[in-house]
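The values are calculated or read from the model by the stated rules, or taken from the named source; none is laboratory data. Computed from a prediction, not measured in an experiment: that's the story for all the values here. Using ideal geometry, Cβ is built from the backbone for each residue, glycine included, and neighbour counts are taken over all protein chains shown.
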Amino acid sequence: MTTTHFDLAIIGTGSGNSLVTPDFDGKRVAVIEEGTFGGTCLNVGCIPTKMFVYASDVADHVREAARYGVDATLDGVRWRDIRDRIFGRIDPISEGGKDYRVNGPNTTAFLGHATFVGPRELVVEVDGRHETVTADQIVVAAGARPVIPQLIQESGVPFHTSDTVMRIDELPRSMVILGGGFISAEMAHVFSALGVDVRIVTRGPAMLRVEDAEISERFTQVAQRQWEVHLSATIEDVKGDESGVTLTLPDGTTVEGETLLVATGRRPNTDRLGLEAAGIATHTDGRIVVDEFGRTAVDGVWALGDISSLHQLKHVANHEARVVAHNLVHPDDLRAFDHRFVPAAVFSHPQVASVGLTEQQAREAGHDVTTKTQAYGDVAYGWAMEDTTGICKLVADRATGELLGAHLLGPMASSLIQPAIQAMSFGLRVHEMARGQYWIHPALAEVLENALLGLEVPGQE
Ligand SMILES: Cc1cc2nc3c(=O)[nH]c(=O)nc-3n(C[C@H](O)[C@H](O)[C@H](O)COP(=O)(O)OP(=O)(O)OC[C@H]3O[C@@H](n4cnc5c(N)ncnc54)[C@H](O)[C@@H]3O)c2cc1C
Ligand SMILES: NC(=O)c1ccc[n+]([C@@H]2O[C@H](COP(=O)([O-])OP(=O)(O)OC[C@H]3O[C@@H](n4cnc5c(N)ncnc54)[C@H](O)[C@@H]3O)[C@@H](O)[C@H]2O)c1
C-alpha cells in the first residue's frame, strides 16, 4: 500500500470539485471520487431533471394550447431522443471534468471509495488496490443518496430511484411514485406530461409539506387533479416483478404500476466514510457536525454540501464550497456560511418557489404577522395565461415592514421569486421594495408587486 501526502484532499467531485482554486496552483491536491465525476447535480440531479422538465413543459403547452384558441395536437413523445439529447450533453461534461482532474495540473485523481483511518488519513480503494492518502487539510463533500424504505428493500421488488429512472429505455405505461416531496413532484410532472399514468403514494397528509401550509394544500389539490394521489398512506405490502409492482395500503387499496420510483428522501453518505476513526461527529440524522465556517471537530477537516448541510440544495452546496475554499487558505480571516435566506424551487406543474419563513414559522417566532395572497389570475399577464391556480403569498412583520417570507405557486415561480430573495438579503423593507422601483407593466412580476402592496406595513397606508 502506497502512502502519498497532499496539501489538500477532497472527497467528492460535486461542489467539492470547485475547491481547486488558483490558491492551490503549485500545491498538491488529491481529488477522490467513487462515482460519476461531477456529482449529483450534474449527473442525476438538478441539470438532467430540469432538462426533462423543460421537454415536459413543452408537451403540456401543446396539450393546453386549445384554451387560447390555438388548436394543436401532441403527435408523440420520442423518449429515447429526449433522453439521449440530455445525456448527450451531460455525459461529455462529466467525462471532460474527470479527464481534467486525472491529467490536468496540480491534482491527483483517485477514482475510488475513500474511508478515514485516522484524523487526516484516508484509505482509498481503487480497482481492488488500497492507497493511503494523508493531507494537511481534508474536505468531505461526499453528498447524499436515496433512502429506500426497509419494506421495499426486503420485498425484492424492482424499483428505480432518481439515480436510474432518467436513463430507462422505454417509458412505462404507468408509474407508482413513493413519496410526496421534491423529487416526487418533479418526476410526476416529467413522466405524466410525457404520457405515463402517474400514481403517487406518500405517507404525509399533503404533498410538499416543507412549504407554507397554503402552498402545500393548493399544490396537493392541483396534484390530485392531474395524478392519482394517495395521502397519509403507509404500505402494508408490496409485490411485483419486472412486469409491474403492486402496493397494498392499510385499507386494502392496491396501487399498481409498471414501474416503481422510490423518492422518500436522501441521507448523507456519512455511514460509509469511517468517520469514527477520525473522530468526526455526526448529528442524529447522519449529517457531519460543522461550525459556521465549515470546520468539523477535527483540526484540518472540513465538510460542505449534502453531507453536512440542513439544505440539500445545489446553490447551498456551491455557496458553502466558496466559503470553505476561502477558509482553507485564510485561517486568520475565516468567513461564515450565510444560511439566512435560502430559497428553493420545485420544478413541477405547477412550479413552487419559496424563501424565508412560512406563516406558521413567523407566528411561532413571535412576529406580528401580516400576510397577503395575490392570485396570478388577478394581474394582467395572469389573465393572458388564463391562470386559475397560481398564487403569490407574502409574509411580513406588520410593525417593522420586514419581508419574512415569500411563497409562490404557478408559472415561472422559480424566477419570479428572485426580487424577494434580493430584498430579504439586502434588508429592503416592503414599501421600499414595492414603491422604490419600477415594476414592468404588464409583466407577470406584477403578481409580486401587488402582493407587496397588499401587505399592511408601515409606509404604504
Ligand atoms: C433528482 C434530484 C434533483 C435535484 N434538483 C435540484 C435542483 O433543481 N436545485 C437544487 O438546488 N438542488 C437540486 N438537487 C439537490 C442537489 O443535487 C444537491 O444538493 C447537490 O448536488 C449536493 O452537492 P454535494 O457536492 O454536496 O454532493 P454530490 O454532488 O452528491 O457529490 C458527492 C460526491 O461524492 C462522491 N462520494 C461519496 N462518498 C464517497 C467516498 N466515500 N469516496 C469517494 N467519493 C465519494 C459521490 O460519488 C458524489 O459524486 C437535486 C437532487 C436530486 C437527487
Ligand atoms: N428542485 C430542487 O431543488 C430539488 C429537486 C429534487 C430534490 N431536491 C433535494 O433532494 C432532497 C430529497 O428529495 P426527496 O423528494 O427524495 O425527499 P423529500 O424529503 O423532499 O420528500 C420525501 C417524501 O417522501 C415521503 N416519505 C418518506 N418515507 C416514506 C415512506 N416510507 N413511504 C411513503 N412516503 C414516504 C415524505 O413524507 C416526503 O413526502 C429534497 O429534500 C431536496 O433538498 C431538490
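Please find, among V53, V77, V31, V44, the residue that is touching a His at 6+ places or on another chain (Cβ under 8 Å), of a type in the set (V, I, T) and in the same structural domain as V301 (by TED's automatic domain parsing).
Step by step, each of V53, V77, V31, V44 is checked, and only V53 is touching a His at 6+ places or on another chain (Cβ under 8 Å), of a type in the set (V, I, T) and in the same structural domain as V301 (by TED's automatic domain parsing).
For segment 165-218, give me the residue count where each residue is under 18 Å from P149 (Cα atoms) and away from ligand 2 (no atom under 14 Å from the Cβ).
Summing the residues that are under 18 Å from P149 (Cα atoms) and away from ligand 2 (no atom under 14 Å from the Cβ) in segment 165-218 gives 1.
Condition first: touching a residue at least 40 places away in the same chain (Cβ under 8 Å) and more than 22 Å from the chain's Cα centre (by Cα). Now tell me which residues in segment 289-301 satisfy that.
F293, T296, V298, D299, G300, V301
If you check R167 against the conditions, is it within 15 Å of ligand 1 (Cβ to nearest atom), among the charged types (D, E, K, R), farther than 30 Å from V324 by Cα and not assigned by TED's automatic domain parsing to the domain that holds A55?
Yes: the conditions hold for R167.
Results for (1) within 8 Å of ligand 1 (Cβ to nearest atom); (2) in the same structural domain as S56 (by TED's automatic domain parsing), shown as yes or no for each residue.
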| residue | (1), (2) |
| --- | --- |
| V298 | no, yes |
| L313 | yes, yes |
| V316 | yes, yes |
| A325 | no, yes |
| R335 | no, no |
| H339 | no, no |
| P343 | no, no |
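Identify all residues within segment 19-50 that are aliphatic (A, V, I, L, M) and either over 27 Å from A193 (Cα atoms) or more than 13 Å from ligand 2 (Cβ to nearest atom) (or both); write none if there are none.
Passing the criteria: L19, V20, V29, A30, V31, I32, L42.
Give the residue, chosen from L357, L328, that is closer than 30 Å to D23 by Cα, in contact with a Leu (Cβ under 9 Å, 6 or more places away or on another chain) and buried (at least 16 other Cβ atoms within 10 Å of the Cβ).
Sole residue among the options that is closer than 30 Å to D23 by Cα, in contact with a Leu (Cβ under 9 Å, 6 or more places away or on another chain) and buried (at least 16 other Cβ atoms within 10 Å of the Cβ): L328.
Could you list, in sequence order, the residues of segment 232-278 that are farther than 12 Å from V176 by Cα, surrounded by 14 or more Cβ atoms within 10 Å (Cβ to Cβ) and within 16 Å of ligand 1 (Cβ to nearest atom)?
T264, G265, R266, R267, P268, N269, T270, L273, G274, L275, A277, A278, listed by residue number.
Every residue, every condition in (1) within 16 Å of ligand 1 (Cβ to nearest atom); (2) surrounded by 15 or more Cβ atoms within 10 Å (Cβ to Cβ); (3) within 11 Å of N106 (Cα to Cα), yes or no:
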residue	(1), (2), (3)
G14	yes, yes, no
L19	yes, yes, no
P22	no, no, yes
V31	yes, yes, yes
G35	yes, yes, no
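Please work out if E125 is surrounded by fewer than 15 Cβ atoms within 10 Å (Cβ to Cβ), within 12 Å of ligand 1 (Cβ to nearest atom) and of a type outside the set (A, V, I, L, M, F, W, C).
Here the answer is yes, as E125 does meet what is asked.
Need the failing condition index for A9 against (1) within 16 Å of ligand 2 (Cβ to nearest atom); (2) of a type in the set (A, V, I, L, M); (3) not in a helix (DSSP H, G or I), just the number.
Condition not satisfied by A9: (1).
Return the residues of segment 249-271 that are part of a loop (DSSP other than H, G, I, E, B), within 14 Å of ligand 2 (Cβ to nearest atom) and either under 29 Å from H311 (Cα atoms) or touching a Pro at 6+ places or on another chain (Cβ under 7 Å) (or both); say none if nothing qualifies.
If the condition is that a residue be part of a loop (DSSP other than H, G, I, E, B), within 14 Å of ligand 2 (Cβ to nearest atom) and either under 29 Å from H311 (Cα atoms) or touching a Pro at 6+ places or on another chain (Cβ under 7 Å) (or both), then A263, T264, G265 are the ones that fit.
Can you say whether G96 is assigned to a helix (DSSP H, G or I) and more than 30 Å from S184 (Cβ to Cβ), as far as the supplied structure shows?
yes
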